[in-house]
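*Asks:* Please read through the structure below; I'll follow up with questions.
Bear in mind these aren't lab numbers, they're just calculated from the coordinates by the rules spelled out. Because the structure is predicted, anything quoted here is derived from the model rather than measured. Quick reminder, even Gly has a Cβ in these numbers, built from the backbone with ideal geometry, and neighbours come from all protein chains shown.
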Amino acid sequence: MLVSARDMLVKAKEGHYAVGQFNINNLEWTKSVLLTAEELKSPVILGVSEGAGKYMTGFTTVAAMVKAMDESLGITVPVALHLDHGTYEGCYKCIKAGFTSIMFDGSHYNIEENVAKTSELVNVSHQLGLSIEAEVGSIGGEEDGVVGMGECADPDECKRIADLGVDMLAAGIGNIHGKYPEGWPGLRFDVLDAIQQKTGAMPLVLHGGTGIPADMIKKAITLGVSKINVNTECQLSFADATRKYVEAGKDLEGKGFDPRKLLAPGAEAIKATVKEKMELFGSVGKA
């Protein structure tokens, strides 16, 4: 049974660990993440960007697949199905499709419009029992065509959005989507600390979890980060394992071309990456 992310993140904040959001891109991704979460008895959030949702033929298809797979695999740990970096329109599509959690990314609006739209979506989400994430300060890198330079969020604006009743807050602290470039200065812990001071018990979200050094991840968790998003790292693991399978000529042996065999090494690589992250985040055994 899918649940909202609210309770799992409140527990994570109180327990000083973080729940991983692992973005899914197809059936193999979903299955790998769910099986690993069950094996490690870790709560988990399945993230779906609008681009990935479109690729999988729509949010209704995604929700139906995740719900059926969760039941068919006998998953017992808490699982939230979450819209990642949602537009205003995308949020309503996911609510209708049966997602249990949404993220409204209003960071590109001026603060007044961000407040107005976030407030509306908070009311709608909570009436339906969904959790909602908001963003202040654009996250660096590129996400579905939206490019940010990794600017840091204003702690006062963070408080203003947090006070609207969102369940979790993504705040830019120098983090970047995708691979981190040479010379990246690192996370701004002074900004994170200032945001934590203003937002109190609010679970904070760290986007762009791929490539951030482990010591920075652990320090961020001590400063209130309770949800960490991972996407690129799983994609890289999948691609690397698939490349090795093909380059070794395995696809030419017997029925090695069968997609169930061709995609198996990549699926196992995703499992290994998810396990590594769950152990780093401290969520193992917390379900």
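*Asks:* Spelling out what I want: for every residue of segment 74-90, take phi, set θ = phi - 60°, compute 6.51 cos²θ - 1.76 cosθ + 1.60 (Karplus), and round to whole Hz; glycine and proline get x.
*Replies:* Along segment 74-90, the couplings run x, 5, 10, 7, x, 10, 10, 9, 10, 6, 9, 6, x, 7, 4, 5, x Hz.
*Asks:* Using label points projected 7 Å from each Cα along Cα→Cβ, tell me how many nm separate Thr57 and His108, to one decimal.
*Replies:* 2.8
*Asks:* Let me ask something else. With respect to the cross-link table entries Lys54/Lys198; Lys31/Lys277; Lys11/Lys218, which display a Cα-Cα separation exceeding 27 Å?
*Replies:* Numbers: Lys54/Lys198 37 Å; Lys31/Lys277 17 Å; Lys11/Lys218 17 Å.
As for pairs spanning more than 27 Å Cα to Cα, those are Lys54/Lys198.
*Asks:* Return the distance in nm (one decimal) between the two label points of a simple spin-label model at Leu236 and Glu279, each offset 7 Å from Cα along Cα→Cβ.
*Replies:* It is 1.8 nm.
*Asks:* Place a +1 charge on the Cβ of each Lys and Arg in the chain and a -1 charge on the Cβ of each Asp and Glu, then give the dipole magnitude about the Cα centre in debye, rounded to the nearest 20.
*Replies:* Values: 28 positive and 38 negative charges, 168 e Å.
Using only the charged Cβ atoms, the result is roughly 800 debye.
*Asks:* In whole Hz, with x marking every Gly and Pro, tabulate ³J(HN,Hα) for segment 168-173 from phi via Karplus 6.51 cos²θ - 1.76 cosθ + 1.60, θ = phi - 60°.
*Replies:* 7, 10, 9, 10, x, 10
*Asks:* Skipping prolines and chain starts, which residues have an amide H placed within reach, meaning under 5 Å, of the one on Met168, given they are 5 or more residues away or on another chain?
*Replies:* Under 5 Å from the amide H of Met168: Ile132, Ala134.
*Asks:* Under 14 Å from a point placed 7 Å out from the Cα of Thr76 along the Cα-to-Cβ direction: which residues of segment 269-287 have their backbone N that close?
*Replies:* Taking a point 7 Å out along Cα→Cβ of Thr76, the residues of segment 269-287 whose backbone N falls under 14 Å are 285-287.
*Asks:* Here is a further query. Please report, largest first and rounded to whole Å, the three semi-axes of the ellipsoid equivalent to segment 224-287, where each semi-axis is the square root of five times an eigenvalue of the C-alpha gyration tensor.
*Replies:* Each semi-axis is the square root of five times an eigenvalue, giving 31, 11, 8 Å.
*Asks:* Turning to a different aspect of this structure: Using r as the Cβ-Cβ distance of Ser119 and Glu182, and R0 as 35 Å, what FRET efficiency do you calculate, to the nearest 0.05?
*Replies:* On the way: r = 41 Å, r/R0 = 1.16.
Plugging the Cβ-Cβ distance into 1/(1 + (r/R0)^6) gives 0.30.
*Asks:* Please give the helix 59-72 orientation as an angle from the longest Cα principal axis of the chain, in degrees from 0 to 90, rounded to the nearest 10.
*Replies:* 60
*Asks:* Still on this structure, I have one more. So what's the angle, to the nearest 10 degrees on a 0 to 90 scale, between helix 232-247 and the longest Cα principal axis of the chain?
*Replies:* Between helix and principal axis, roughly 10 degrees.
*Asks:* List the residues whose amide H sits under 5 Å from the amide H of Val3, counting only those 5 or more places along or on another chain, with H placed 1.01 Å from N in the peptide plane.
*Replies:* Long-range HN contacts for Val3: Val79, Ala80, Leu81.
*Asks:* Once Rh for the chain is found with the Kirkwood sum over Cα pairs, what is the Stokes-Einstein diffusion coefficient at 20 °C and 1.002 mPa s, in µm²/s? Before the final figure, lay out the partial values.
*Replies:* On the way: Rh = 18.9 Å.
Using the Kirkwood radius from Cα pairs, D works out to 113 µm²/s.
*Asks:* So, with +1 on the Cβ of K and R and -1 on the Cβ of D and E, and no other charges, what is the size of the charge dipole of segment 1-152 about its Cα centre, to the nearest 20 debye? Before the final figure, lay out the partial values.
*Replies:* Numbers: 10 positive and 20 negative charges, 104 e Å.
So the dipole magnitude of segment 1-152 works out to roughly 500 debye.
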